[in-house]
Amino acid sequence: MDKPLQGKVALVAGATRGAGRGIAVELGAAGATVYVTGRTTRERRSEYDRPETIEDTADLVTEAGGEGIAVPTDHLEAGQVRALVERIDTEQGRLDVLVNDIWGGENLFEWESPVWEHDLDNGLRLLRLAVDTHAITSHHALPLLLRHPGGLVVEMTDGTAEYNGKNYRNSFFYDLAKTAVLRMGFALGEELGPRGASALALTPGWLRSEIMLEHFGVREDNWRDALERVPHFAISETPRYVGRAVVALAADPAVARFNGQSLSSGGLAQIYGFTDLDGSRPDAWRYLVEVSDAGKKADTTGYR
């Protein structure tokens, strides 16, 4: 089907840029009505002070074939989240897909700084942005999602449960935040499964987000220019790839088989057969273990 999610309503919480934007656009391409939230609008920027806005994301959703609706929301403010869900209920009367992608911590964590050296206020703020926001959003949104059977909650994180369970992730606070979200996918699965819905944790691979491309001084159209300096960047993927993973899950009548699990964009591509925009299927987490972490020379043969 060209529009497998026609008539479905989704909320992508944290859709200003990166994975959230890619997911929202792909949900739109599948025909969904997509509410996109974040703190940066055309009138006001968050502390990120970046140019991407939720209105831009909503426009991209609509251009892709869905209906994008931008709602400025600070997901740390319970009142704002409650009002958001009430609006969705009033306008749509249902919620079929909730994607908890709120993050906002890139400027707060200190790469490989031990907890006693890491700025404490920044670390605690990071945890609030990465954990409290997801809990607040689920608290208010899940009664609406449960109104119709077959709802799906996707907890977005960085790393699979298998990988993060064996590897230290950059700093105490970052490690804790990403592991907590993985556990949320499991815990929500326990609570939603018996009630006719599913929840899971999902990670992209090495994401070519706006921030990552800018960090390496490249654009999407010339991202391979960064490979001379960062060879393993060859396994990277666009934000639309994980978006296609979410669409595949949301359109799968048997999605309950993944309830409570930790999944990756690359792993799901092998199951559902979708590709990234260039037609490849990067499997970043398998590559990371077998090539990058193993100290081997960058070679994506067999991994994309």
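Readers should treat all values here as calculations from the given coordinates under stated rules, not as data from a laboratory. This is a predicted model, so every value here is computed, not measured. A quick note on method: Cβ atoms are made from the backbone with ideal geometry, for glycine too, and the neighbour counts reach across all protein chains shown.
For the reader, a short list of remarks on this structure follows.
- Every Cα-Cα pair of region 85-156 was included, and the share exceeding 13 Å stands at 69 percent.
- Debye-sum result for region 25-98 in log10 I(q)/I(0), which assumes one identical scatterer on each alpha carbon, at q = 0.11, 0.16, 0.25 Å⁻¹: -0.28, -0.59, -1.17
- Sorted from longest to shortest, the spans of the Cα atoms of region 1-56 along the three principal axes equal 40, 15, 14 Å.
- Computed over the alpha carbons of region 65-118, Rg followed by Dmax gives 16.7, 49 Å.
- Histogram of C-alpha separations across region 111-250, 10 Å bin width, %: 11, 31, 35, 19, 4, 0
- Mean projected area (nm²) of the alpha-carbon convex hull when the chain is viewed from all directions: 15.0
- When you filter the trypsin sites (Lys or Arg not before Pro) in region 177-258 for DSSP loop state and at most 10 other Cβ atoms inside 10 Å of their Cβ, you are left with Arg229.
- The chymotrypsin sites (Phe, Trp or Tyr not before Pro) found in region 3-107 include none that occupy coil by DSSP while having at most 14 further C-beta atoms within 10 Å.
- Charge tally in the Cβ shell below 13 Å around Met184, where Lys, Arg are +1 and Asp, Glu are -1, Met184 excluded: -3
- For region 198-275, convex hull volume per residue from C-alpha positions, Å³: 93
- Two-decimal log10 I(q)/I(0) for region 47-90, as the Debye equation yields it once each C-alpha is a single scatterer, q = 0.23 Å⁻¹: -0.90
- The helix-based estimate of mean residue ellipticity at 222 nm for the chain, built from -39,500 (n - 2.57) per DSSP H run of four or more residues and divided by its residue count, is -11500 deg cm²/dmol to the nearest 500.
- Translational diffusion of region 182-234 was estimated from the Stokes-Einstein equation, with Rh taken as the Kirkwood radius over Cα pairs; at 25 °C and 0.890 mPa s the coefficient is 181 µm²/s.
- Subtracting the Cα-Cα distance of Glu86 and Val289 from 0.36 nm times their residue separation leaves 68.7 nm of extension gain.
- Base-10 log of normalised Debye intensity for region 144-213 (one unit scatterer per alpha-carbon) at q = 0.12, 0.17, 0.20, 0.22 Å⁻¹: -0.39, -0.69, -0.84, -0.92
- Furthest towards positive pole of dipole, Gly66, Gly196, Leu249, structure part the chain, Cβ charges: Gly196
- Shape category assigned to region 171-304 from the gyration tensor of Cα positions, a/c cut at 1.5: prolate
- In this entry, region 1-154 is assigned a mean projected area of 9.6 nm², taken as a quarter of its C-alpha convex hull surface.
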